[in-house]
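Okay, so here's the structure we're looking at.
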Amino acid sequence: MKLRIVPLGTSAGRPTLVRGASALAAASEGGWVLCDCGEGAQLSALRAGLSLSRLDAVLITHLHGDHFNGLPGLLGTLGLEGRERPLVVAGPEGIAALLKSLERAGALGVGDMEVRVVEQRGPGGEVRLEGSPFLIESRPLAHRVPTYGYRVALPDRPGTLDVAAADAIGVPRGPLLADLKAGRAVTLPDGRVVGPEGLVGPKRRGASMAYVLDTVPCPAAVELGRGVDALVHESTYEQGRADLARARGHSTGLEAARIAAEAEAAALVLTHFSPSVDAEIVAEEARAAHANVIAAKDLGEILSEAPSSA
Ligand SMILES: [Zn+2]
């Protein structure tokens, strides 16, 4: 199963003519999750062809406006669409009270939709979703306000079944093959018991990505990004302004690349560019520390597929 990564807003602080405020979709067959919801995120999602009714969860990193201000509008649209399926909204402590006060003022209009707010605290952990293929974990990052990064993964899949080998030992086509593929031993019509060993290859790892913004370089970013297919990391400034980045709780592209290299992430997707930087220069600096660096563009889709064996 593929994981489509669609940057919906790649600017820092405020939108520009070509970059919206922070938002990114991780989509798979049947559903998607939204990482951050800056102003304009829902419009950008529509342009990307993402169906709002298939949205499984919104993962908010922190409550700075450029990551949050699109959420009331998005929730209002889901309410207008008559959505009844609950929506999980994960975010830092304080997000529940903030949404509550917007609701009390009549600013949300979610109708009958239940918004399941899951506040992240302490070391973070699993964010449980029902009826969604996504496996989500959070970790606290190091910004100026409480901030959580997220890892979004698809489940591992069974290994490949060697049908010819199964034929050769007399496993009939049909449900017994499916049982073998699922890793279970089966009893053949002649009474022999056959296990999956030697017939089914190793589990295939599900595609995964990590979403790490806003933050200074931190160990949690490495943990979230460990072995992922794509690490999406903020890179607000070029290396010449590393001191400014640190003072404001941000990272440079080169610092993000060092995190990606340490985490052994297959690809590094840079985003959250200050309107004052040239994203291509930030990406070029990052290539000194990681071989596969992409400067995200709004609606510039990135496909991520885990390799076929574990
Ligand atoms: Zn930001």
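The values are calculated or read from the model by the stated rules, or taken from the named source; none is laboratory data. Just so it is clear, the model here is predicted, and its values are computed rather than measured. Virtual Cβ from ideal backbone geometry, glycine too; neighbours counted across all protein chains shown.
Some points to look at:
- Counted residues, segment 1-28 - those being more than 16 Å from the ligand (Cβ to nearest atom) and either in contact (Cβ under 8 Å) with a residue 60 or more places away in the chain or among the polar types (S, T, N, Q) (or both): 9
- Candidate set from segment 52-63 (those that are buried (at least 21 other Cβ atoms within 10 Å of the Cβ) and of a type outside the set (A, V, I, L, M, F, W, C)); member that is farthest from Leu141 (Cα to Cα): Asp56
- For Arg151, the conditions (1) in the same structural domain as Leu55 (by TED's automatic domain parsing); (2) on the phi > 0 side of the Ramachandran plot are fulfilled apart from (2).
- Residues within segment 222-278 that are hydrophobic (A, V, I, L, M, F, W, C), within 15 Å of the ligand (Cβ to nearest atom) and not in a loop (DSSP other than H, G, I, E, B), tallied: 7
- Subset of segment 49-87 (residues that are small (Gly, Ala, Ser) and either within 16 Å of the ligand (Cβ to nearest atom) or touching a Lys or Arg at 6+ places or on another chain (Cβ under 8 Å) (or both)): Ser53, Gly65, Gly70
- Scanning segment 29-48 for residues that are within 16 Å of the ligand (Cβ to nearest atom) and not in a helix (DSSP H, G or I) yields a total of 7.
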